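Chemist: Pasting a structure below so you can have a look.
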Amino acid sequence: MTAPKPPAAPPDARLFIATGCAHCPAVLSAMAELVKQGLIGRLEVVNLMAHPEEAQALGVRSTPWIRIGPFTLQGAHSPGELRRWAERAGSEEGIADYLAELIESRQLDQALRDIRAHPEWRPVLMRLISDLETPIGVRIGVGAILEDLAEHDELGPLLPALRKMLEAPQPQLRADGAYYLGLARDPAVRAWLEPLREDPAPEVREIVAEALEELPQAH
């Protein structure tokens with residue numbers, strides 16, 4: 001008989017507050033309650049004014065500043081919101097929601113920092129960009145992240161997932177896959193794109209032609 005898996009350990013958390021911060025007492029109270037409930041394993045509270053060097057090291061510029069597991073949250077959050085992030089800190093669904101929320105709140109730089117700090121999150125980007133139900137603003141933001149990764153030659157691990165987009169029944173997804181593959185500057189990608197020169201959708205054929213022009217020739 002297989003022994004049951006132990007429950008996942010609750011995430012630890014860190015909270016930066018400041019003297020005179022209007023929202024800090026409520027957030028501190030809510031975070032302490034999550035510790036009591038076992039949804040957070042450990043809570044470290046730091047007064048920004050007493051330890052500015054720690055705040056500077058983490059890029060903390062305002063309070064309350066919260067980190068629950070891998071998630072960085074800034075500003076006032078309700079007890080329900082904090083509970084939701086604590087409950088989802090270890091799940092792919094939680095990571096997808098977190099990245100989407102960062103993008104929607106125009107915190108693209110934070111999303112990029114998190115993606116680089118957690119390379120294992122990159123498949124979640126593909127999940128978001130490959131789903132036409134993802135809000136258009138989020139898909140555009142994910143696209144900007146993929147463009148940044150391509151600019152720094154960090155797109156390689158995502159090439160198989162982008163190749164899979166070329167097989168999607170929706171022309172928009174095939175076109176998107178071709179576009180991002182074209183940014184990879186990997187000559188091996190040419191063989192994946194060549195068959196789509198004859199794609200039934202004209203917009204796909206156009207993107208494929210442009211991508212092939214940008215790609216180096218295979219030797």
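Chemist: Limited to segment 169-188, what total is found for residues that are at pLDDT 95 or above and either more than 15 Å from residue 129 (Cα to Cα) or surrounded by fewer than 17 Cβ atoms within 10 Å (Cβ to Cβ) (or both)?
Modeler: The number of residues fulfilling the criteria is 4.
Chemist: In segment 70-83, which residues are within 17 Å of the chain's Cα centre (by Cα), within 17 Å of residue 10 (Cα to Cα) and surrounded by fewer than 19 Cβ atoms within 10 Å (Cβ to Cβ)?
Modeler: Across segment 70-83, the qualifying residue is only 70.
Chemist: Still on this structure, please answer the following. Scan 89, 100 and give me the residue that is assigned to a loop (DSSP other than H, G, I, E, B), surrounded by 17 or more Cβ atoms within 10 Å (Cβ to Cβ) and either within 9 Å of the chain's Cα centre (by Cα) or not hydroxyl-bearing (Ser, Thr, Tyr) (or both).
Modeler: The conditions single out 89.
Chemist: Against the condition out of contact with any strand residue (DSSP E or B) (no Cβ under 9 Å at 6 or more places or on another chain) and of a type outside the set (Asp, Glu), how does residue 73 come out, does it pass?
Modeler: Here the answer is no, as residue 73 does not meet what is asked.
Chemist: Name, by its number, the condition in (1) more than 17 Å from residue 113 (Cβ to Cβ); (2) surrounded by 11 or more Cβ atoms within 10 Å (Cβ to Cβ); (3) not acidic (Asp, Glu) that does not hold for residue 67.
Modeler: Only one criterion in (1) more than 17 Å from residue 113 (Cβ to Cβ); (2) surrounded by 11 or more Cβ atoms within 10 Å (Cβ to Cβ); (3) not acidic (Asp, Glu) is unmet by residue 67, namely (1).
This table checks each residue for (1) of a type outside the set (D, E, K, R); (2) closer than 23 Å to residue 18 by Cβ.
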| position | (1), (2) |
| --- | --- |
| 39 | yes, no |
| 44 | no, yes |
| 49 | yes, yes |
| 54 | no, yes |
| 65 | yes, yes |
| 74 | yes, yes |
| 77 | yes, yes |
| 96 | yes, no |
| 104 | no, no |
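The values are calculated or read from the model by the stated rules, or taken from the named source; none is laboratory data. If you're wondering where the values come from, they're calculated on a predicted model, not measured in any experiment. Virtual Cβ from ideal backbone geometry, glycine too; neighbours counted across all protein chains shown.
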